[in-house]
Amino acid sequence: MPFKLSDIPVLTDKIILVTGGNEGLGKESVFQLATRSPAKIYLAARNPSKAEAALSEIKERAGDNCAPIQILNLDLSSFDSVKKAAAEVIANESRLDLLIANAGVMGADGVTKEGYEIQFGVNHMGHALLIRSLLPLMQETAKREGIAVGETRCVILSSGAEAFAPASIYPFEGLKGDLASTGMWARYGISKMANLHYASQLAKRYPEAETGVRFVSIHPGAVVTNLGDTLNNWPKIEWLIKKVGATLFMLKPVEHGVRNQLWAATCSDGSGLKKGPESGVYYHPVGIAGKGTKMAYDEGKASELWEWTEKELQPYLEV
Ligand SMILES: NC(=O)c1ccc[n+]([C@@H]2O[C@H](COP(=O)([O-])OP(=O)(O)OC[C@H]3O[C@@H](n4cnc5c(N)ncnc54)[C@H](OP(=O)(O)O)[C@@H]3O)[C@@H](O)[C@H]2O)c1
């Protein structure tokens, strides 16, 4: 049975955080979830004026149905910003039910504040620190009375572009730099492979049966959003490129593309799609497992990424 947005259940009492909530798939996620009566949604964004504009738009669309939404300042290219955002949530909430690690950058050059290749740094490292910082609160949430095992969830946005990751993954020394010797698509592919490997490792190291928390990664499909706008260096033909690209690659509108992450975040066995997601699994839209590349299921590579990431994050997790 195909999953429809109307299958998203009522989310009474839930506290939700969506990164990159000001645009594209993140903004649509916030809107859809805001109409299902959660206690609060944190719309995390790096640009306050864009966040305010998104909030006004969401409130107008949702009307009287809109749940409380709070803007959370979060720049994933800075560990300091990630730590501050996590601390704000922890200080203000006694629970966190859903964390959708949605924000992403594609087609950029350079490094993050801590010196990681920009796509790997934002898409993977920033999210990894956010998730690890908020995990204790999520584990507490999962233990609450009336919360089913696996109802507390962390959904990480990966991409079919994981297929662009080079066989030499992970070039850790280069990733602590701009990795300029590697092409842009390969670098984006590495970051998206890291997203799905990290979700599978979280599931392994924090088993759902013990922690109650479920970790899922997804590919949303090819969706018309602002992603990759940095690729267009010729503004006059930007519109044409988008139009032609959308037709050529059969890009889907955002209301369609958002379904996989919302299914992964909210669907339980027996609702919508007959089966909800399983912890550690990577899904193509909607709810289809087993479609990743061979490397996506490489436990050794995933484990290497986990160990290295843990070492890098350790100083920031201790303070
Ligand atoms: N669209 C697709 O076809 C597609 C396909 C596969 C996977 N995905 C994945 O889907 C996710 C959402 O992308 P989208 O398509 O919705 O793109 P989008 O419209 O460009 O939205 C990306 C969001 O990420 C935010 N972001 C970028 N860098 C950030 C940073 N340093 N700190 C905090 N937030 C940051 C952006 O904020 P600003 O507005 O401030 O830039 C924006 O809110 C990404 O992880 C992407 O890899 C998309």
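A short reminder: the numbers here are calculations on the coordinates, not readings from a lab. All values reported here derive from a predicted model rather than from experimental measurement. Glycine also receives a Cβ, built like all others from the backbone with ideal geometry; neighbour counts cover every protein chain displayed.
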| Going toward the positive end of the dipole of the chain, with +1 on Lys and Arg Cβ and -1 on Asp and Glu Cβ, which of P285, M295, G24 do you reach last? | P285
| task | Subtracting the Cα-Cα distance from 0.36 nm times the residue separation, let me have the gained length for S181 to K275 in nm, one decimal. | result | 29.5 nm
| remark: With label points set 7 Å from each Cα along the Cα-to-Cβ direction at S303 and D64, the distance between them in nm comes to 5.7 nm
| request: Return an integer: the convex hull volume of the alpha-carbon atoms of the chain, in Å³ per residue. | output: 131 Å³
| query | Cα centroid distance between region 275-319 and region 40-116, in Å? | reply | 22 Å
| remark: Counting only DSSP beta bridges with both partners in the chain, the antiparallel fraction in percent, to the nearest 5, comes to 10 percent
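When the dipole is taken about the Cα centre of the chain, and only Lys, Arg (+1) and Asp, Glu (-1) are charged at their Cβ, what size is it in debye, to the nearest 20?
680 debye
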| request: Determine the distance separating the Cα centre of region 5-24 from the Cα centre of region 186-206; give it in Å without decimals. | output: 22 Å
| request: Filter the cross-link list K50/K83; K83/K301; K14/K40; K27/K252 down to pairs whose alpha-carbon distance in this structure exceeds 18 Å. | output: K50/K83; K83/K301
| Which residue, E93, E28, E57, tops the fluctuation ranking in a GNM of the chain built on C-alpha contacts under 10 Å? | E93
| query | If contacts are Cα pairs under 8 angstrom and at least 6 residues apart, what is the relative contact order of the chain in percent? | reply | 19 percent
| field | Residues with amide H under 5 Å from that of I288, placed H, sequence gap 5 or more | value | none
| remark: Rh (Kirkwood, all Cα-Cα pairs) for region 27-156, Å, reads 15.6 Å
| note | In order over region 306-313: 3J(HN,Hα) from phi, Karplus 6.51/-1.76/1.60, θ = phi - 60°, whole Hz, x for each Gly or Pro, gives 4, 4, 5, 4, 4, 4, 5, 7
